[in-house]
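One structure below.
The values are calculated or read from the model by the stated rules, or taken from the named source; none is laboratory data. All values derive from a computational prediction rather than experimental measurement. Note: ideal-geometry Cβ built from the backbone for every residue, glycine included; neighbour counts use all protein chains shown. Only protein heavy atoms, including side chains, enter the accessible area calculation; ligands, DNA and RNA are left aside. Shrake-Rupley method; radii C 1.70, N 1.55, O 1.52, S 1.80 Å.
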Amino acid sequence: MRSARVRSCAVVGTAAVLLLSACSSSPNAHNGAAKGGGVLTIGGASGPQTENNNPFIGTSAAMNVGYGAMIYETLALVNPIRPADKPQAWLAKDWSWSSDFRTLTLTARDGVTWSDGKPFTAADIAYTLQLVKAHPALNGAAVPYQDIKAEGDKVVLGFASPQFVNQSNILSTFIVPEHIWSAQANPETWTDPDPVGTGPYKLEHFAPQAMTLKRRDGYWKTAPQVAELRYTTFNDNTGITTALASGAVQWAWVPMPNIKSVYLDKDPAHNHGWFPPSLGAIGLWLNNEKGPFKDKALRQAASLVIDRQTIATQGQYGLAPAIDSPTGIPLPSGQSFLSAKYKDVRLTPDAAKARQILTAAGYTYSGSQLLDPSGKPVAVTLTDPAGWADYLADLDIIQGNLTSIGVQVSIRTQTADAWSNAFSIGDFDATMHWTNGGSTPYDMYANIMDGSQYQPLGTAAQGGNQGRYRNPEADAALKEFTSATDDAQRAHALATLQDLMATDVPIIATHASAVGGEYSTKDWVGWPTEEDPYAPPQHAQRTALDVVLHLRPATS
């Protein structure tokens with residue numbers, strides 16, 4: 001699935017106004033005070049939203065804000081900060097693979113009803129997966145479903161090749177009711193105005209910057225103690241930071257340059273922040289097909305001088321740990337996947353060694369200016385969207401690092417749309433960007449190195465490999481991993497991919513994609529912590545429902 005990174009907007013602008021009494025043409029635009037329980041207030045910095053509750057569209061309001069996971073549920077809950085743990089059974093009470101990993105049998109949980117009172121059955125699972133198969137726009141993980149059939153309380157999935165690698169993607173699929181969705185002619189564009197799910201909440205109110213969900217009757221698990229969820233989408237980081245510090249918002253995720261002084265110290269007994277890493281990376285994506293970084297020697301040298309610790313502490317405000325393994329695997333979440341060769345290998349800036357690599361490859365110096373083997377000055381442009389404060393801070397640090405080995409570096413900002421398009425078509429030298437993450441490093445490596453995702457410069461590469469890296473050895477290792485039927489084969493494939501990441505440096509991973517958040521224990525307790533990491537503390541994750549189900553009033 002795609003990284004959970006939340007964009008860091010410029011710290012300017014006006015805080016969003018709570019719009020719980022706003023007028024709206026939405027059928028959900030009505031108000032009502034919570035009855036029989038407490039309220040949890042949740043905030044984000046995604047700005048005004050258009051009502052769209054389609055759980056398969058990542059940009060819909062339900063997915064962007066995060067409330068979709070309170071309405072719709074998945075087959076299982078995959079904990080991205082403990083990827084080696086077995087997923088928690090949810091709408092599927094169990095599952096099993098054939099020995100060749102080409103057949104997956106799911107058993108539907110009984111006693112579950114949709115929020116409109118209709119029974120949930122295995123047929124709903126089969127319908128949902130058929131829907132995803134028939135409409136590629138809804139199949140964000142590109143799972144290659146072949147045969148899908150319901151047999152009593154079981155759903156049997158058949159694949160043309162081993163698909164253990166896609167287990168988490170399959171289990172993380174939101175399941176929708178066949179009796180409603182089958183009537184929709186265009187599910188890719190349907191906005192799902194009155195969503196019906198198996199989750200414990202129903203959408204009560206929608207306005208562009210305020211959504212309210214109410215606890216429903218008949219939920220299949222023990223009902224949550226939180227009776228009402230109120231989401232507010234602020235225009236910028238300043239607004240949400242202020243709301244957190246004042247207590248108006250109890251749960252959020254916002255990068256804070258000085259989290260201790262602006263939030264934690266405002267109420268030391270109750271204000272908390274925890275930012276565990278997932279198995280996704282953020283770093284400097286390099287163009288492997290054109291420009292200076294086409295040369296592997298320059299990529300290797302750049303990786304050796306980039307100060308990952310400073311990026312983590314200053315550019316990321318200490319909220320995301322540095323990735324100092326040459327494999328690009330975030331630690332400690334990925335420690336168990338490291339091959340023996342890299343268990344104890346860590347990178348530290350080494351300008352002298354970087355220069356040795358460059359001169360051995362034919363680079364020379366004119367004073368402090370690095371010249372390529374043809375005698376031309378080496379100059380690169382680093383790009384990212386204007387207003388993405390954390391990424392631009394990262395680029396400032398990288399600019400100084402590369403200048404130390406004689407590279408001329410300029411930084412150019414773009415609109416988010418222009419940057420996204422340029423990244424997709426390969427119109428860049430280097431840019432900060434995230435990778436995909438998953439339950440193993442495979443998802444990250446495939447995102448970076450999969451030759452089947454390669455597109456010529458100028459053609460959009462939507463699925464991955466926007467850096468245009470091509471290496472038959474990487475393709476073979478990725479195929480070996482997906483075709484493996486035991487852990488030893490998968491470990492062998494990952495060892496090869498780790499070697500290629502360390503030696504070819506297709507991207508320079510700098511810090512982990514953290515899935516953290518800020519929360520208050522003044523009114524609610526039971527939050528995930530480093531000591532009890534049952535889920536990431538981020539409200540836009542698919543596991544956010546598990547967090548809400550753990551909460552209980554602080555006075556109890």
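Among the residues making up the stretch 101-121, those that are open to solvent by 40 Å² or more (accessible area, probe 1.4 Å), farther than 15 Å from Lys202 by Cβ and in contact (Cβ under 8 Å) with a residue 24 or more places away in the chain are Arg102, Thr103, Arg109, Asp110, Gly111, Thr121.
The set of residues in the stretch 305-351 being open to solvent by 30 Å² or more (accessible area, probe 1.4 Å) and of a type in the set (Lys, Arg) consists of Lys341, Lys343, Arg346. Looking only at residues in the stretch 422-452 that are more than 22 Å from Thr510 (Cβ to Cβ) and assigned to a helix (DSSP H, G or I), the one that is most open to solvent (accessible area, probe 1.4 Å) is Ser452.
Taking the criterion of being more than 14 Å from Leu395 (Cα to Cα), open to solvent by less than 70 Å² (accessible area, probe 1.4 Å) and more than 19 Å from the chain's Cα centre (by Cα), the only residue of the stretch 409-421 that qualifies is Ala418. Of the strands (runs of 3 or more DSSP E) lying entirely inside the stretch 79-192, none contains at least 3 residues that are closer than 30 Å to Ser513 by Cα and out of contact with any strand residue (DSSP E or B) (no Cβ under 7 Å at 6 or more places or on another chain).
Among what's in the stretch 224-241 and is of a type in the set (S, T, N, Q) and at pLDDT below 95, pick the residue that is nearest to Asp523 (Cα to Cα). The qualifying residue nearest to Asp523 (Cα to Cα) is Thr241. Filter the stretch 468-499 down to residues that are open to solvent by 70 Å² or more (accessible area, probe 1.4 Å) and among the charged types (D, E, K, R) and give me whichever is farthest from Phe423 (Cα to Cα). Only one residue fits best here, namely Asp487. Cβ-Cβ distances below 7 Å connect the following pairs, each with a first residue in the stretch 410-423 that is of a type in the set (D, E, K, R), a second residue that is surrounded by fewer than 16 Cβ atoms within 10 Å (Cβ to Cβ) and assigned to a strand (DSSP E or B), and a separation of six or more residues or different chains: Arg412/Thr381. Scanning the stretch 365-405 for residues that are surrounded by 14 or more Cβ atoms within 10 Å (Cβ to Cβ), at pLDDT 95 or above and assigned to a strand (DSSP E or B) returns Leu370, Leu371, Ala379, Val380, Thr381, Leu382, Thr383. Residue check: Thr348 meets all listed conditions (1) farther than 21 Å from Asn436 by Cβ; (2) part of a helix (DSSP H, G or I); (3) polar (S, T, N, Q) but one, namely (2). Look at (1) under 30 Å from Gly247 (Cβ atoms); (2) open to solvent by 30 Å² or more (accessible area, probe 1.4 Å); (3) among the hydrophobic types (A, V, I, L, M, F, W, C); (4) not in a helix (DSSP H, G or I) and you find that Ala512 fails only one, number (2). Once the stretch 206-223 is narrowed to residues that are aliphatic (A, V, I, L, M) and in a strand (DSSP E or B), the residue that is surrounded by the fewest Cβ atoms within 10 Å (Cβ to Cβ) is Ala210. Against the test of being closer than 26 Å to Val380 by Cβ and under 25 Å from the mean Cα position of the chain (by Cα), the options Gly315, Gly362, Gly273, Gly334 yield a single qualifying residue, Gly315. Flag not set for Gly280, criterion: surrounded by fewer than 20 Cβ atoms within 10 Å (Cβ to Cβ) and among the small types (Gly, Ala, Ser).
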